[in-house]
1. With open to solvent by 60 Å² or more (accessible area, probe 1.4 Å), aliphatic (A, V, I, L, M), at pLDDT 80 or above and more than 30 Å from G170 (Cβ to Cβ) as the only criterion, which of V17, V44, V48 stands out?
2. So is L136 closer than 14 Å to F182 by Cα and open to solvent by 20 Å² or more (accessible area, probe 1.4 Å) or not?
3. Within the range 195-248, work out how many residues are modelled with pLDDT under 85, open to solvent by 80 Å² or more (accessible area, probe 1.4 Å) and of a type in the set (K, R).
4. Can you find even one residue in the range 502-517 that is under 49 Å from the mean Cα position of the chain (by Cα) and open to solvent by 50 Å² or more (accessible area, probe 1.4 Å)?
5. Quick test for you: out of A124, A108, A77, pick the one residue that is among the hydrophobic types (A, V, I, L, M, F, W, C), farther than 30 Å from L306 by Cβ and over 23 Å from the mean Cα position of the chain (by Cα).
6. Output the residues belonging to the range 257-298 that are modelled with pLDDT of 80 or more and farther than 24 Å from F130 by Cβ.
7. Can you give me the number of residues within the range 418-437 that are out of contact with any Leu (no Cβ under 6 Å at 6 or more places or on another chain) and crowded, with 18+ Cβ neighbours inside 10 Å?
8. Using the structure shown, decide if K415 is touching a residue at least 24 places away in the same chain (Cβ under 8 Å), surrounded by fewer than 19 Cβ atoms within 10 Å (Cβ to Cβ) and more than 18 Å from the chain's Cα centre (by Cα).
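The values are calculated or read from the model by the stated rules, or taken from the named source; none is laboratory data. For clarity, every value in this text was computed on a predicted model and none was experimentally measured. Note that we place each Cβ from the backbone using ideal geometry, even for glycine, and neighbour counts take in every protein chain shown. To get the accessible areas, we keep the full protein, side chains included, count just its heavy atoms, and leave off ligands, DNA and RNA. Shrake-Rupley method; radii C 1.70, N 1.55, O 1.52, S 1.80 Å.
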Amino acid sequence: MSLGDWLNERTGHRALVRDALDEPVAGGARWAYVWGSALTLSLVIQVVTGWLLMSAYSPSATNAWASVHHITYTMRAGWLIRGVHHFGAQAMVVLLALHLGQTALYGAYRKPREMNWFFGLGLAGVTLGFALTGYLLPWDQKGYWATRVATNIAGTIPGIGAFAQDLMVGGSEYGHMTLTRFYTLHVGVLPALTVALLAARALFRKHGITPPSSADTTKVDLFYPRQVGKDLAVALVVMVVVFGLALREHGAPLDAPADAASDYPARPEWYFLALFELLKFKYFHGALEPVGAVGVPTVVIGYLLLLPFIDRSATPRADGKPRSTFGGRLLFLLPLLLVFLGAGGLTLKSLRADAGDKEFQDSRKVASERANRAIALAKAGIPPEGPLAMLRSDPETRGAELFEKSCATCHRLGKIGPPEGKDTAPDLTGWRTKKWVTAVLHDPDAPNLFGKTPFKEQMPSFVKPPADAEAAKMFTALKPEEIDEIGTFLVAQANGEKGEGSPGEKLVKQRCTSCHRLDGKTDDEESLAPELRGWGSVAWTDAQIADPGSGKTYPKGAMDPKLEGHMPAFGEKLSEKDRKILSQWVWNKAGE
């Protein structure tokens, strides 16, 4: 006895396979019937890649992002597995929409297939549930903020909204409990529901495939080989597309670690953009928000559930049994067509609006830079406190946030700061460079330098003669080469070099020390202008931020915070760690 015979004697598997392959296909094999098989294949892909990802994933708010980074950049073929899982999820949404659309067009929701239709709608809900819960698992900015939007929408449900939101979040804050609950749903609850729905949906074998009204029902093909061949051909196309996208994008995107204290241009994935755009309509703001967030989707779901009972149109079949025609169903399917067109239109509208929104694109660029920085830092090692602690100790990342919060109301540095013309303190773009020094020596009262500060007219130009005729007689302009030497000396100070005995130092002592100090001391010796020894260095910048009137940078008492326009001290407003991060970032950016 062969192994096959031995197994068949105990399981009867050959009869089961024969029943499946010999199923009659009324009206003949068709390409329209392939979507169910393609959807099943995409589900298998998700299960296999999901198991592989689970072997390296850590469902913890501290470690989740780090584990996904490990999968993407360290684990062998991890980037491919994650990419296939990511694009496979999107393929499932598309295939599910096509499958339900084909089912509706052929009238396969009508008696006696109502239960199959309901199970199909259940699978649609579960698929979107997979997408929503899986979104959060990388614990990155994109998933975190999109989940906050989704749970806030759930919170608007009348009566049970607060309970539903609290159940999903797991407390008053989005954190470890939120992640573990979404993980449990994603790998436990939803897969169990999927298996149950698929098992129930297998009942379609009892009623066979629903042919289109135009089909010749006297023609019958067996499921194998013609329909199986079509199913396998489309399944192959789905696999090629999914793997192709994963290879082209080199996996799936990973944003910066989730940070509740940051600003982020939150957007859901494309298949939720229609609902997102719907909530932006002016008609659904304030008290009417639940109408857009809950009311409209509820109406759509209600229509889909009632469709089998609403549509009772039918025409006689050749065998005398009733058969629904597309023309007879058109009126009942019109709302479904409007839903598809409306969702597609809202999605395109949202994408076009974002593409033309400069503020959003700028924010998106900042978010991408932060993500790239986080990924680069993580390759050197993530501290036990987690990736967010890693970013908050990084001057390049944390410095920009600190500058925006503490300095950008007055100063400008690169693209960060008040709008052009609205700044009230020197533009720090290029500060501590020879170009900036040269500009100050030429015209210190320029609007982008000290022209809008209390120090206006305190420092003379070293190139333009003063307006006073008597003073002009005593004026000697600096030559271009002298300005260059002074610039070279001050840039050396900013870079931590002494520059002692250089021509620039001699010129500074000759032309500048009547007001400025050049000794690096912090005693009470009188001085009218900032210290130039070590000017522009990280230590000088830190002292300036901590207390600009301490004598280490500007003279003691020169920065009275009570006077309008003077720079306040941040020594007590910022922690020492944050102050040093900010100083290092300003020094780095100002030298670019």
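1. Just one listed residue meets the conditions, V44.
2. no
3. Residues in the range 195-248 being modelled with pLDDT under 85, open to solvent by 80 Å² or more (accessible area, probe 1.4 Å) and of a type in the set (K, R): 4 in total.
4. The answer is no, given that none of the residues of the range 502-517 is under 49 Å from the mean Cα position of the chain (by Cα) and open to solvent by 50 Å² or more (accessible area, probe 1.4 Å).
5. A77
6. D259, A260, A261, S262, D263, P265, G295 - these are the residues of the range 257-298 that are modelled with pLDDT of 80 or more and farther than 24 Å from F130 by Cβ.
7. The total comes to 7.
8. The answer is yes for K415.
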